[in-house]
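So the structure is just underneath, and the comments pick up after that.
None of the figures in this text is laboratory data; all of them are computed from the coordinates on show. None of the values given here were measured: they were computed from a predicted structure. Virtual Cβ from ideal backbone geometry, glycine too; neighbours counted across all protein chains shown.
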């Protein structure tokens, strides 16, 4: 369960303080399928970084399964990310000239306590099969299409059996057909494995796949406000 | 991440760009190859120099009588007839740990006659049965004289190569007779040629006799240091003419209770010797041996504490050290140059690792996002640098070893393989990897995962 209490983030640019998040309170239950939408500059990327424990907030509390993440140091956050959170990125971020299988296995190497190599491999093969790429598992990213690359990335995000999947514009670099495939995959994961899926997007069609849309406007949450309205607000 | 996974990750990262990895490693390969080749060649040549110096008799110490001052006129070194043949025995029995062999040395000069030819050899030297071993002489033909022949003042001699060729051109000298100062000696052996000594004198132009034979049979010729220059009135007057041709056994090693410098009528000429030559065990450091010998000789000569030594030690090992030192200095100089090339190689590694960190910023960001701690990133890049350097080191050792072999077969230079140098090279290579890989690795570990992920 994710709970944010009056979370703020202020960037310091020279002498200026730039408040990006202005007090966000939010609750995402386990097993939810959520989209985080908003125009660029609304702070959704910042919120996503905070949710992904990549950054620490300037104020407020972030409770992940009841633990206050804001108080963790860099190493502890790394452990937490490794264990609890899977990341999917817009530009896939696969290691170049490295096979799909190796890419999927990579996050498991940073597990603590260590996982035995053959167990990692078995799990990676299972995931590759699940995303339907068993014939291409020895191909490098350059030999895969965008959709296939994103499927490898999804398999990679699942290697450590995380509770939360954070996807940052997962369909941003894909055509509409593959976008639908990828979003269906997220939905299946959410439905079948009960993983909390949070998708950051500015695309309404993508957001429409999710059960709940959290709309961000100018560093605050405008939940429940319809897409049209939020679009107008930004204008 | 365990070691196997770390190594695998690093190897995969390196193999992703094989050409670059190869070029990066080239600097280290050249550096290590140069170091190994120079070490092998340098070691080979100093070994050879040491051997040739040892054959010149460099791991020896000379014992001379001290100088003597008569009416204000000082004689040179060895002016005092203070050394006895027994001192050689004393040194050998009391300094067993540091001294291998010791022999008395007496010298004379004069004409030798063979048949109708004559010759004045450079030196006529007398020693005991160990003398040849101490000086590093080998007998090419015939046999050396024995301890018994020394005790009996046998009329035998060994001749140097020059004399063998001058007086016996073509003929076999063994068993022939040679007259030295009208005393007939039997040639029992010919020495292997040695060439010129450090001063340019022909070492082969010599005769070697039992020292007793010189002292008893060629006594009138004993015009060398101990007796001739001494100026001490007692050294010549006590010799009776019967001594000269005496064949009866004389006690050449009188007991230690004999007090030197008394006017007692000892057959001094047969007891005192010009000098002693001692072969020490450690040719690099003669000091312990010399200290021990000093103690032993002082005790044998019954010198009270505070009385100056009546002998002096001269260390020929010094010379060997100097010459070996010269060759070592040269190879150390070359080694320094090779080490500089190694540093240049290290800078190359650092340069490429920096480029690699920048180029792989997104990868670093990703690894951090999925749970790599800063120290994991640091270890990864450090390991990559060390792996590169180790690969370069191993390749460099092979190339260096092969090229020193090629050089040795082309120019005939001596080489000496040294596993120590190879181990050292590998260590140095790994060290360079750590030193020059550290900063890029540190930089990589300091990246912010958010910035790194969005790096273009």
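Per-structure values
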quantity: Rounded to whole Å, sorted largest first: equivalent-ellipsoid semi-axes of chain B, Cα gyration tensor; calculated: 71, 25, 15
quantity: Residues B:274, A:175, sorted so that the one with the fewest Cβ neighbours within 10 Å comes first; calculated: A:175, B:274
quantity: Segment residue B:123-residue B:109, extension gain: residue separation times 0.36 nm, minus the distance between their alpha carbons; calculated: 4.5 nm
quantity: Span per principal axis, largest first, for the Cα atoms of the stretch A:51-165 (Å); calculated: 47, 30, 22
quantity: FRET efficiency for residue B:402 and residue B:138, using Cβ-Cβ distance with R0 set to 56 Å, rounded to 0.05; calculated: 0.95
quantity: Taking B:137, B:438 and counting other C-beta atoms within 10 Å, the order from fewest to most; calculated: B:438, B:137
quantity: Rg in Å to one decimal, and Dmax rounded to a whole Å, for the stretch A:99-235 via C-alpha atoms; calculated: 16.9, 54
quantity: Rg over Rh, two decimals, the stretch A:53-105 (C-alpha only, Kirkwood Rh); calculated: 1.09
quantity: Inter-label distance, nm, simple model (7 Å from Cα along the C-beta direction), residue B:304/residue A:138; calculated: 9.8 nm
quantity: Structure-based [θ]222 nm, chain A - -39500 (n - 2.57) summed over DSSP H runs of at least 4, per residue, nearest 500; calculated: -10500 deg cm²/dmol
quantity: Relative contact order (%) - criterion: Cα under 8 Å, at least six apart; region: the stretch B:1-151; calculated: 14 percent
quantity: Antiparallel %, DSSP beta bridges [both residues in chain A], to 5; calculated: 50 percent
quantity: Kirkwood hydrodynamic radius over Cα pairs of chain A, then Stokes diffusion coefficient at 37 °C and 0.692 mPa s, in µm²/s; calculated: 179 µm²/s
quantity: The stretch A:2-232, relative contact order [Cα under 8 Å, separation at least 6], %; calculated: 30 percent
quantity: Inter-label distance for residue B:418 and residue B:3, nm, one decimal - labels placed 7 Å from Cα along Cα-to-Cβ; calculated: 2.9 nm
quantity: Hull shadow area, averaged, the stretch B:273-367 [alpha-carbon convex hull, nm²]; calculated: 12.7 nm²
quantity: Cα-based helix-to-principal-axis angle, A:146-158 vs chain A, degrees rounded to 10; calculated: 80 degrees
quantity: Share antiparallel - DSSP beta bridges, the protein assembly as shown, percent rounded to 5; calculated: 65 percent
quantity: Structure-based [θ]222 nm, chain B - -39500 (n - 2.57) summed over DSSP H runs of at least 4, per residue, nearest 500; calculated: -16500 deg cm²/dmol
quantity: Ratio Rg/Rh, restricted to the stretch A:166-206 and using Cα atoms, in which Rh is the Kirkwood radius; calculated: 0.95
quantity: Projected area, mean over directions - the stretch B:23-72, Cα convex hull, nm²; calculated: 6.5 nm²
quantity: Proportion of all alpha-carbon pairs of the stretch B:339-409 beyond 17 Å (%); calculated: 57 percent
quantity: Folded to 0 to 90 degrees: helix B:18-55 orientation relative to chain B principal axis, Cα; calculated: 10 degrees
quantity: Stokes-Einstein D for the stretch A:115-187, Kirkwood Rh over Cα pairs, 37 °C, 0.692 mPa s (µm²/s); calculated: 254 µm²/s
quantity: Taking B:203, A:205 and counting other C-beta atoms within 10 Å, the order from fewest to most; calculated: A:205, B:203
quantity: Alpha-carbon Rg/Rh ratio, for the protein assembly as shown, with Rh computed the Kirkwood way; calculated: 1.37
quantity: Counting all C-alpha pairs of the stretch B:368-456, share separated by more than 21 Å (%); calculated: 50 percent
